[in-house]
Amino acid sequence: MKGGLAVPLLVTVTKSDLVALGYGPSRSTDIIRLTKAVMVNKGFEYYRARKLGRVPASAVEEILGIPISELIVPTSGISTVKEELS
């Protein structure tokens with residue numbers, strides 16, 4: 001990148017992404033809830049927000065024990081969000 005910092009991408013997952021993978025709506029909600037709890041335990045207080053429904057794909061992979069990034073083509077639901085550097 002010319003004249004600036006490289007901005008890393010943070011791949012995130014929502015409930016609807018998990019439903020698209022074949023998990024039921026209730027199970028998808030449970031996975032998101034559990035992932036948020038793990039992130040809070042790691043010190044990321046941002047994930048304590050009740051209405052937040054988007055979590056890092058890498059954290060979901062830790063919970064499920066499978067690499068979900070290989071299961072979905074990026075255009076079918078997994079969102080990519082730029083993580084801003086301070």
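The values are calculated or read from the model by the stated rules, or taken from the named source; none is laboratory data. All values derive from a computational prediction rather than experimental measurement. Backbone-built Cβ (ideal geometry, glycine too); neighbour counts: all protein chains shown. Heads up: the accessible areas ignore ligands, DNA and RNA and are worked out on the full protein's heavy atoms, side chains in. Shrake-Rupley method; radii C 1.70, N 1.55, O 1.52, S 1.80 Å.
The set of residues from segment 36-46 being in contact (Cβ under 8 Å) with a residue 12 or more places away in the chain and either outside any helix (DSSP H, G or I) or touching a Pro at 6+ places or on another chain (Cβ under 9 Å) (or both) comprises just one member, 39. In segment 32-86, the qualifying residues are those that are polar (S, T, N, Q) and modelled with pLDDT under 95, and the one that is nearest to residue 13 (Cα to Cα) is 79.
Considered as a group, the residues in segment 1-28 that are of a type in the set (S, T, N, Q), open to solvent by less than 50 Å² (accessible area, probe 1.4 Å) and not in a loop (DSSP other than H, G, I, E, B) include one that is modelled with the highest pLDDT, and that residue is 28.
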